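Visitor: My structure is below; once you've seen it, I'll send some questions.
The values are calculated or read from the model by the stated rules, or taken from the named source; none is laboratory data. These numbers were taken from a predicted model, which means no experiment stands behind them. Please note: Cβ atoms are built from the backbone with ideal geometry, for glycine as well, and neighbour counts cover all protein chains shown. Heads up: the accessible areas ignore ligands, DNA and RNA and are worked out on the full protein's heavy atoms, side chains in. Shrake-Rupley method; radii C 1.70, N 1.55, O 1.52, S 1.80 Å.
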Amino acid sequence: NFKIKNYTISILDYGIFEDRLHDILYKTFSAQEMLIQYAYNYEIRNLQFKILTGLYYSHIYNYNAFGINNSVSLNILLTKINSSTGLSIENISYMLKHYTAYNTPAPLKYRFSFNKNFESFILGYNLLYSKNNQDYQHIFYLEFLMSDKVKLRLSNTDYVKDLFVEDNDYNFLSGLGMGISVDLKPISIDIGYMNLGISGVAYGVSIYFMRD
């Protein structure tokens, strides 16, 4: 990720995937995404309003997609209780080029969030509604402020409940995520992990370059 003032360029590489059935490997392929985005921020008293607009490009195997992506959010600072709450509409998109002839709509989402700030940690909750799938996702998280440069994160979601296996004593770990963030201005590094139940685990590393 690269950030210069209000402009951000994000490049995401999902790595190598395998098309495999039992022990037979049919093919391998890769997937990447790029997003160029501009952020507009407006604050008045305890209200923070943000608009994100940009262009995105996605590549999966031999398929490509290109479009315009927008998001809007309103955050309310509740200073008396040292908390904040917010509402956002995400992925308000228009596809300029679809992966295939079938016009797949962008995953429009609505989010409600609440954060409670304590001296050494932040407790948060997100309710995410996906319009395409018409389902709700509950996300709980903790962020420990280890120092002014290091943050440790824990989260859990019920989004992967459909991947539960009967008689598995470790189903409660499905959806569990952990991560650490290190701020080494002008570079920050995030390392994350998420348990996907019977689908295995997912790891991610993000490097963020910031410039005024």
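Visitor: Test L74 against the stated conditions and say whether it is aliphatic (A, V, I, L, M) and open to solvent by 50 Å² or more (accessible area, probe 1.4 Å). Lay out the reasoning, then the answer.
Guide: Values: aliphatic (A, V, I, L, M): yes; open to solvent by 50 Å² or more (accessible area, probe 1.4 Å): yes.
Yes, satisfied.
Visitor: With respect to the numbered conditions (1) of a type outside the set (D, E, K, R); (2) at pLDDT 90 or above; (3) over 22 Å from N126 (Cα atoms), which one is the sole condition not fulfilled by N75?
Guide: (3)
Visitor: Go through segment 83-127 and count every residue that is assigned to a strand (DSSP E or B), open to solvent by less than 80 Å² (accessible area, probe 1.4 Å) and hydroxyl-bearing (S, T, Y).
Guide: 7
Visitor: Going through segment 128-137 one residue at a time, which ones are part of a strand (DSSP E or B) and open to solvent by 60 Å² or more (accessible area, probe 1.4 Å)?
Guide: Start the filter on segment 128-137 by keeping residues that are part of a strand (DSSP E or B), which leaves 128-130, 135-137.
Listed by number, the list holds a single entry, Y136.
Visitor: Mind checking which residues of segment 1-50 are in a strand (DSSP E or B) and in contact (Cβ under 8 Å) with a residue 60 or more places away in the chain?
Guide: Keep residues of segment 1-50 that are in a strand (DSSP E or B), which gives 2-4, 7-21, 24-44, 47-50.
Once the filter is applied, which keeps residues that are in a strand (DSSP E or B) and in contact (Cβ under 8 Å) with a residue 60 or more places away in the chain, segment 1-50 yields F2, K3, I4.
Visitor: May I ask you to list the residues in segment 189-212 that are buried (at least 16 other Cβ atoms within 10 Å of the Cβ), at pLDDT 80 or above and over 15 Å from I9 (Cβ atoms)?
Guide: We begin by selecting, within segment 189-212, every residue buried (at least 16 other Cβ atoms within 10 Å of the Cβ); these are 190, 192, 194-195, 197, 208.
Filter again for at pLDDT 80 or above, leaving 190, 192, 194, 208.
The answer is D190, G192, M194.
Table: residues versus (1) more than 17 Å from the chain's Cα centre (by Cα); (2) β-branched (V, I, T); (3) closer than 28 Å to V150 by Cβ.
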{"residue": "K27", "(1), (2), (3)": "yes, no, no"}
{"residue": "Y56", "(1), (2), (3)": "no, no, no"}
{"residue": "Y63", "(1), (2), (3)": "yes, no, no"}
{"residue": "I92", "(1), (2), (3)": "no, yes, no"}
{"residue": "F114", "(1), (2), (3)": "no, no, yes"}
{"residue": "S120", "(1), (2), (3)": "yes, no, yes"}
{"residue": "S130", "(1), (2), (3)": "no, no, no"}
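Visitor: If you don't mind, there's one more thing I want to ask. With respect to K80, is the statement that it is outside any strand (DSSP E or B), farther than 22 Å from L55 by Cβ and modelled with pLDDT of 90 or more true? Spell out the reasoning first.
Guide: Values: outside any strand (DSSP E or B): yes; farther than 22 Å from L55 by Cβ: yes; modelled with pLDDT of 90 or more: yes.
Judged against the criteria, K80 is a match.
Visitor: Can we say Q48 is farther than 23 Å from G179 by Cα, modelled with pLDDT of 95 or more and over 15 Å from the mean Cα position of the chain (by Cα)?
Guide: Numbers: farther than 23 Å from G179 by Cα: yes; modelled with pLDDT of 95 or more: yes; over 15 Å from the mean Cα position of the chain (by Cα): yes.
Taking the combined requirement at face value, the residue satisfies it.
Visitor: May I ask you to say which residue of G54, G67, G15 is out of contact with any strand residue (DSSP E or B) (no Cβ under 6 Å at 6 or more places or on another chain) and open to solvent by less than 50 Å² (accessible area, probe 1.4 Å)?
Guide: Result: G15 is the single residue among G54, G67, G15 that is out of contact with any strand residue (DSSP E or B) (no Cβ under 6 Å at 6 or more places or on another chain) and open to solvent by less than 50 Å² (accessible area, probe 1.4 Å).
Visitor: So, in segment 18-49, how many residues would count as being among the basic types (K, R) and open to solvent by less than 80 Å² (accessible area, probe 1.4 Å)? Outline the logic, then answer.
Guide: Filtering segment 18-49 for residues among the basic types (K, R) gives 20, 27, 45.
Narrowing the set further to residues that are open to solvent by less than 80 Å² (accessible area, probe 1.4 Å) leaves 27.
The qualifying residues number 1.
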